[in-house]
Amino acid sequence: MSDVVGKRLMVLGGSDAQLVLIRRAMALGAEVIVADRDPDCAGGRLAQAFHAVSTADIARLAALAQSHAIDGIATFASDPSALAVAEVARQLRLPGNPVAAVETLINKDRFRAFLAKQGFLTPRALPARDRRLGDGGCPPARWRHPGQAGRFLRQPRHHASCGRAPR
């Protein structure tokens, strides 16, 4: 008998990436509550309960989690949702990752600094903090590093999408 039978699991995100988690939790006997901003997400159609709430709205997520008396909260393959999972778990005193650790992991600048402090080799990077400067947020004059061949990688600071980064 599974130790999750009858437990309530809130899953943040209902896209294709989270379907494996949703299906497996349900197969093990958990009641699954999905929260996703997309009311037509695939995970919302599978779950026993669905709420059209953005994973960035931590206050609403915490209130929903409390109203459902959840036993756990999780996500899969989503950096922004991982932060919300950590914060809701903290607020409801559920098992979870520390918020500060998740913030370090999802913020590329912080994660590179963490890795360097631990002795890992990390690529040089220029911070891109001013969105008014356009692509990459860093003025083109700074895109070349002295002594390097001019090759570089530009990527978002927070997560893999090119959409809005969390503030």
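Label points 7 Å out from Cα along the Cβ direction at Ser54 and Ser2: separation in nm?
3.3
Could you list which residues have their amide H under 5 Å from that of Met10, counting only those 5 or more apart in sequence or on another chain, with H placed in the peptide plane?
Under 5 Å from the amide H of Met10 lie the amide H atoms of Ile33, Asp71, Gly72, Ile73, Ala74, each far enough along the sequence or on another chain.
Please list, in chain and number order, the residues 5+ apart from Phe50 or on another chain whose amide H is under 5 Å from its amide H, with Hs placed from the backbone.
Placed amide hydrogens put Val34 under 5 Å from Phe50.
Note down the net charge around Ser67, summing +1 for each Lys or Arg and -1 for each Asp or Glu among other residues with Cβ under 13 Å from its Cβ.
Working: positive: Arg8, Arg60; negative: none.
Net charge in that neighbourhood comes out at +2.
Given Cα pairs under 8 Å that are at least 6 residues apart, what percent is the relative contact order of the stretch 8-104?
On the way: 173 pairs, mean separation 26.8, N = 97.
Dividing the mean separation by the residue count of the stretch 8-104 yields 28 percent.
Which shape class, rounded, prolate or oblate, goes with the stretch 1-72 when its Cα gyration tensor gives a ≥ b ≥ c as root eigenvalues, a/c under 1.5 marks rounded, and past that a/b bigger than b/c marks prolate?
Values: a/c = 2.34, a/b = 1.26, b/c = 1.85.
It is oblate, given that a/c is not under 1.5 and a/b is not larger than b/c.
Laboratory data are not the source of any read-out in this text; all were calculated from the coordinates shown. It should be emphasised that the depicted structure is a prediction, and the values quoted were computed from it without experimental measurement. So basically every Cβ, Gly included, is an ideal-geometry build from the backbone, and we count neighbours across all protein chains shown.
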